[in-house]
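Quick notes on the structure that follows.
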Amino acid sequence: MTVLLPAAIAGFFDQCTARNFAGVCTCFSPDAHVYDEKQNINGHAAIEKWITHAIGSTDAVHVVTSATALPDTPAANRQSLADITDGQLRVTADVSGNFKGSPVNLTYLFTLHDGKITALEIG
């Protein structure tokens, strides 16, 4: 099953898979915020450092299993989630790799503004 996602979110997962950590940052706004494993990560430099460690050290592979626009998201009723450029989407993915507990099912809460990720919370 292929889940259609907005370009920035699809790019996030694609660049992680390609191990292009600088490319991951292009999916985020310059002042973006990430919350992962009880850590706050702010801005491109910190996000690149975080993703390099999180993905690079574990060889993590993501398989997106579902995506939903949250109710207050503009255009949440559109036929395709790929059209959304502003709002919040909840994405679930099976993540496997070289880490304790692999594989795991994770939830990603993305906030988009003008087609860029402004916030990401992983749980």
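The values are calculated or read from the model by the stated rules, or taken from the named source; none is laboratory data. Just so we're clear, the structure is a prediction, and the values are computed from it rather than from any experiment. Neighbour counts are summed over all protein chains in view; Cβ atoms, including those assigned to glycine, are modelled from backbone coordinates with ideal geometry. Just so you know, the surface numbers come from the protein's heavy atoms only, side chains and all, with ligands and any DNA or RNA stripped out. Shrake-Rupley method; radii C 1.70, N 1.55, O 1.52, S 1.80 Å.
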Among 112, 81, 89: highest mean-square fluctuation, GNM of the chain, C-alpha pairs under 10 Å: 81
Acute angle (nearest 10 degrees) that the helix 7-18 long axis makes with the longest principal axis of the chain, alpha-carbon atoms: 20 degrees
Spatial extent of the chain: Rg and Dmax, with the Cα atoms as the point set, Å: 13.6, 39
Carbon and sulfur %, accessible surface of the chain computed with the full protein complex present, 1.4 Å: 52 percent
Linear extension gain, residue 19 paired with residue 61, 0.36 nm per residue minus alpha-carbon span: 14.1 nm
Vicinal HN-Hα couplings computed from phi for region 110-123 (Karplus, 6.51 cos²θ - 1.76 cosθ + 1.60; Hz; Gly/Pro x): 9, 10, 10, 9, 6, x, 10, 6, 9, 8, 9, 10, 10, x
Low-density loop cleavage sites - trypsin sites (Lys or Arg not before Pro) in region 13-67, where at most 12 other Cβ are within 10 Å (DSSP): 38
With Cα atoms, 0 to 90° folded angle of helix 43-56 axis to the chain main axis: 60 degrees
Accessible area expressed per residue, the chain, with surrounding protein chains retained (probe 1.4 Å, Å²): 54 Å²
Residue-span extension gain [residue 106 to residue 38] - 0.36 nm each, minus C-alpha spacing: 23.0 nm
Length added when fully stretched, residue 96-residue 31, from 0.36 nm per residue minus Cα-Cα: 20.5 nm
Sites residue 53 and residue 7, calculated FRET efficiency, Cβ-Cβ separation with R0 22 Å, nearest 0.05: 0.30
